[in-house]
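Each remark here refers to the structure printed beneath this line.
The values are calculated or read from the model by the stated rules, or taken from the named source; none is laboratory data. This is a predicted model, so every value here is computed, not measured. Here the Cβ is made from the backbone with ideal geometry for all residues, glycine too, and neighbour counts use every protein chain on show. The area values use the complete protein model at the heavy-atom level, side chains included, leaving out ligands, DNA and RNA. Shrake-Rupley method; radii C 1.70, N 1.55, O 1.52, S 1.80 Å.
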Amino acid sequence: MTDTKRTLPVLPPAPPEGATPHAPVDDACFLGERPDVPKLREALATIKNWFRANSLWVMAYGTGCGSIELRPLTTARFDMERFGMAMRPTPRQSNVLIISGYLATKSLKRVIRSYEQMPAPKWVVGLGSCTINGGMYWDSYNTINRLDLYLPVDVYIAGCMPRPEALLAGFSYLMERIKKGEANGWHHYLENLDWYKENQKKLITDWDMPDYNW
Amino acid sequence: MPLATKIAWSALGVLVAIAYGLSIGGVIRKVMARIQGRIGPPVWQPFIDLGKNLFMRSATHHGVMFILGPVFRAAGGIGLFLLIPVIVGDPRFENFAFSGDLLLAMYFLFFGSLGMALGAGEGGHPHSPIGIGRGLAQMSSFELPFGLAVVAIAAQAGSFSIAEIVASQQGGVLHWNLFANPFASVAAFLAFLGMNMYAPFNIVGAPQEIPVGPPTEYNSQFLSLMMAGRAIFAVAKMVLYMDLFLGGAHSIPEAFVKTFLIYFWSVFVGAVFPRFRTEQAIRFFLGWPTAAGIAGVLLVMFR
Amino acid sequence: MDTILDEIRTRFAVTWEHEQRPDLLQVGVEPVTVVPLLTWLKAHTPYVQLTHMSVVDWLEEGQFQLTYLLTDPEGFRSLMVVTRIDREEATAESVWELWPQAVTYEQEINEMFGIRFPGSPRQGVPFILEGWDDIPPMRRDFDTVEYMNAHHPSRPGREHTDPRTYVGKVVGEKGYLHD
């Protein structure tokens with residue numbers, strides 16, 4: 001891949017001229033990248049991002065075998081609570097969605113629903129090689145090969161399976177990116193909603209839910 | 001003291017109570033973590049969580065009642081706090097106590113939960129009504145021993161005014177209702193376990209079972225308002241118990257120490273006990289705590 | 001065990017039998033015999049529980065092999081009733097009236113192999129797959145790689161290796177791990 005920023009491994013085509021963007025620009029996004037954002041708002045955004053980064057609530061939803069590596073994070077040995085992270089059982093209260101391992105087509109539908117129900121800003125962590133290129137299940141008839149076609153991924157954690165230490169490293173990388181204002185996958189999702197929806201609907205043939213799940 | 005000054009002091013008291021409630025929540029999480037052999041979050045983690053939820057960019061609501069739920073809860077907490085004198089004899093921290101305020105305080109204890117029930121019901125998530133049903137069932141069962149204890153204490157002091165109940169306990173540690181009426185105290189402190197919803201009475205939220213119960217649908221700013229409401233509600237309950245059973249407080253440090261001890265009674269119990277089911281909790285509250293409450297009333301009657 | 005097997009031999013036309021373990025016996029019968037045999041087993045022998053139903057696709061022989069695993073819950077032994085049905089016709093008799101849990105097995109087999117069980121409820125109702133529009137995925141003539149290439153774009157730069165040749169290259173001249 002030529003994308004050096006590693007934020008968004010797949011870049012969808014630019015929206016056509018004259019199309020109205022779906023998402024308004026948030027002051028917390030694009031720190032330092034936008035000269036039109038006043039300095040005061042940028043300082044405020046830095047504070048907001050610090051709060052967001054230090055209180056990541058992870059959605060407790062495991063899609064595949066990788067979720068077995070998430071459980072040790074709450075135990076005494078790894079203890080993710082010292083970073084302010086906690087497991088939340090409902091998408092309404094979570095900020096981070098972890099796609100843990102292989103993702104079945106059937107699960108993808110539920111994952112999209114959950115992702116869209118989460119309040120913004122929200123982040124997606126792809127865990128394990130299955131989310132990156134299909135992993136060892138690349139030729140299975142019902143698992144997806146590339147997560148970033150369907151959801152905006154902020155951080156990938158490679159491995160099959162990555163150990164809990166790798167997860168913690170990935171999370172601290174995510175925190176860094178949030179503090180710098182670089183983890184804007186959710187914004188990217190809204191900006192390119194049509195592209196993502198097209199990909200999703202190509203795969204989910206029995207689309208029986210609203211186009212966007214509030 | 002002019003009314004405006006009084007309002008200003010009470011508002012300050014509310015802010016301090018919220019901050020105190022949040023920090024005590026952080027201490028609890030730290031203590032729980034240490035008991036489980038973990039490092040645990042920093043003590044100021046609840047403040048970060050509150051700020052984070054406040055700074056969420058989008059919020060979803062499901063109707064007017066849904067918005068009013070956290071408002072009712074916060075109003076219940078603030079109303080309860082404003083009725084209870086915090087420091088004895090200090091007009092700045094007496095808030096808006098009046099004769100007969102104990103009855104209103106008992107109403108405010110349950111006002112927030114009822115508001116939450118209406119709000120969470122409109123959220124429409126099936127886990128919310130399950131949690132609410134459990135919560136209200138448990139609430140009505142621990143209300144019995146608590147009510148008996150309050151009746152015993154009020155009869156003993158001959159007044160429904162919290163300030164007069166505090167005044168009747170002055171003159172030494174043994175004058176505290178904790179020792180003057182031990183049966184009522186046992187009933188009330190067992191009811192406190194249920195009121196705080198820590199284990200073994202945390203079936204309402206029931207993590208891992210019905211994910212978080214009533215607040216399942218609450219997000220971002222609603223959630224931060226609920227966190228603040230919960231914090232001040234906890235503080236108000238502690239202050240109420242301090243006034244009723246531990247003889248009130250004469251200075252701010254004393255108030256901190258006493259409320260801390262009261263709250264950590266439920267935390268230490270919660271740290272080591274597994275969870276009761278709803279019907280087990282109801283049977284528990286209608287058993288020994290109620291018997292202790294009746295004994296407390298009898299003690300006052302035949303003194 | 002032996003008396004039951006003798007009785008099965010006497011009463012039903014057993015095409016083959018095989019003792020896999022002392023407590024696991026396999027009995028092969030014709031498709032028409034399956035339901036009478038299972039009914040008799042449930043009524044008159046300790047094998048009262050249907051533990052499992054499975055299918056093997058014998059593509060080269062044009063047959064599906066259906067296996068009913070019965071368990072004796074008190075004697076801790078099992079009996080497999082095996083039958084072969086035609087692959088093209090792919091219809092078998094339902095046993096859901098004997099064991100209600102067979103409904104789920106038959107629903108899954110119907111979805112994954114395309115075998116029909118006339119009379120069984122929930123036939124054709126999606127079990128795992130949602131909106132599936134290809135041939136049933138567990139049939140051996142379903143090309144999963146081709147399906148993946150058509151539906152799931154793979155990331156550029158990924159290399160695929162056939163496990164058998166790759167392991168063979170690593171292991172040496174044998175070409176595969178086990179003989």
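Across region A:39-203, what fraction of all alpha-carbon pairs, as a whole percent, falls in each successive 5 Å bin from zero upward?
2, 9, 18, 22, 21, 15, 8, 3, 1, 0, 0
For chain B, set up a Gaussian network in which alpha carbons nearer than 10 Å are linked by springs, and say which option among B:Glu254, B:Glu143, B:Glu94 fluctuates the most.
Highest fluctuation of the listed residues: B:Glu254.
Which net charge results when you count Lys and Arg as +1 and Asp and Glu as -1 among the other residues whose beta-carbon is under 14 Å from that of B:Ile162? Before the final figure, lay out the partial values.
On the way: positive: B:Lys237; negative: B:Glu94, B:Asp101, B:Glu164, B:Asp243.
Here the charged neighbours net out to -3.
For a test of the definition: using alpha carbon positions, the gyration tensor, and the 1.5 limit on a/c, classify region B:158-303 as rounded, prolate or oblate.
Taking the square roots of the gyration eigenvalues as a ≥ b ≥ c, region B:158-303 is oblate.
Decide, for region B:175-259, between rounded, prolate and oblate: order the square roots of the alpha carbon gyration tensor eigenvalues as a ≥ b ≥ c, take rounded if a/c falls under 1.5, and otherwise choose prolate if a/b is larger than b/c, else oblate. Don't jump to the answer; show the numbers that get you there.
Working: a/c = 4.10, a/b = 1.71, b/c = 2.40.
Oblate shape, in that a/c is at least 1.5 and b/c is the bigger or equal ratio.
Give or take rounding to whole Å, what are the principal axis extents of the alpha carbon atoms in region C:50-125, in descending order?
So the extents along the principal axes, rounded to whole Å, are 39, 28, 16.
Please provide three numbers in whole Å: the alpha-carbon extents of region C:2-155 along the principal axes, with the largest listed first.
59, 31, 29
Counting only other chains, and only Cβ atoms inside 10 Å, what mean value do you get across the residues of A:91-97?
5
Kirkwood hydrodynamic radius, computed over distinct alpha-carbon pairs, for region A:143-214: how many Å, to one decimal?
This gives a value of 14.2 Å.
State in Å² the accessible area per residue of the protein assembly as shown; use a 1.4 Å probe, count heavy atoms of protein chains only, and round to the nearest integer.
With the other protein chains kept in place, the protein assembly as shown gives 45 Å² per residue.
Take the Cα gyration tensor of region B:88-207, multiply each eigenvalue by 5, square-root it, and list the three semi-axes largest first, rounded to whole angstrom.
Equivalent ellipsoid of region B:88-207: 32, 17, 11 Å, largest first.
Would you mind giving the mean number of other chain beta-carbons within 10 Å of the Cβ of each residue in C:131-137, as a whole number? Intermediate results must be reported in sequence, preceding the final value.
Working: counts 9, 5, 2, 1, 0, 0, 3.
The shielding value for this peptide is 3.
If I stretch the segment between B:Asp90 and B:Trp265 completely, what's the gain in nm (0.36 nm per residue apart, minus their alpha carbon distance), one decimal?
Numbers: separation 175, 0.36 × 175 = 63.00 nm, distance 2.72 nm.
So the extension gain works out to 60.3 nm.
Give me the angle, in degrees from 0 to 90, between the Cα long axis of helix B:288-301 and the longest principal axis of the Cα atoms of chain B, rounded to the nearest 10.
Around 30 degrees separate the two axes.
Calculate the spin-label point distance for C:Glu60 paired with C:Arg11, positioning each point 7 Å from the Cα along the beta-carbon direction, and give it in nanometres.
If labels sit at C:Arg11 and C:Glu60, their model points lie 3.7 nm apart.
What does the charge add up to near C:Val56, with Lys and Arg as +1, Asp and Glu as -1, over the other residues with Cβ less than 15 Å from its Cβ?
Value of the local net charge: -2.
Taking a 1.4 Å probe, which of A:Arg146, C:Arg84, C:Arg21 shows the most accessible area, and what order do the others take after it?
Putting A:Arg146, C:Arg84, C:Arg21 in descending order of accessible area: C:Arg21, C:Arg84, A:Arg146.
Please report, for the Cα atoms of region B:3-301, the Rg to one decimal and the Dmax as a whole number; what are they, in angstrom?
Rg and Dmax of region B:3-301, Cα atoms, are 18.7, 59 Å.
Just to be sure I follow: if Rg is taken over the C-alpha atoms of region B:1-136 and Rh is the Kirkwood radius over the same atoms, what is Rg/Rh?
Using Cα coordinates only, the ratio equals 1.03.
With only alpha-carbon pairs counted, each pair once and no self-pairs, how large is the Kirkwood hydrodynamic radius of the protein assembly as shown in angstroms?
Roughly 30.2 Å, rounded to one decimal.
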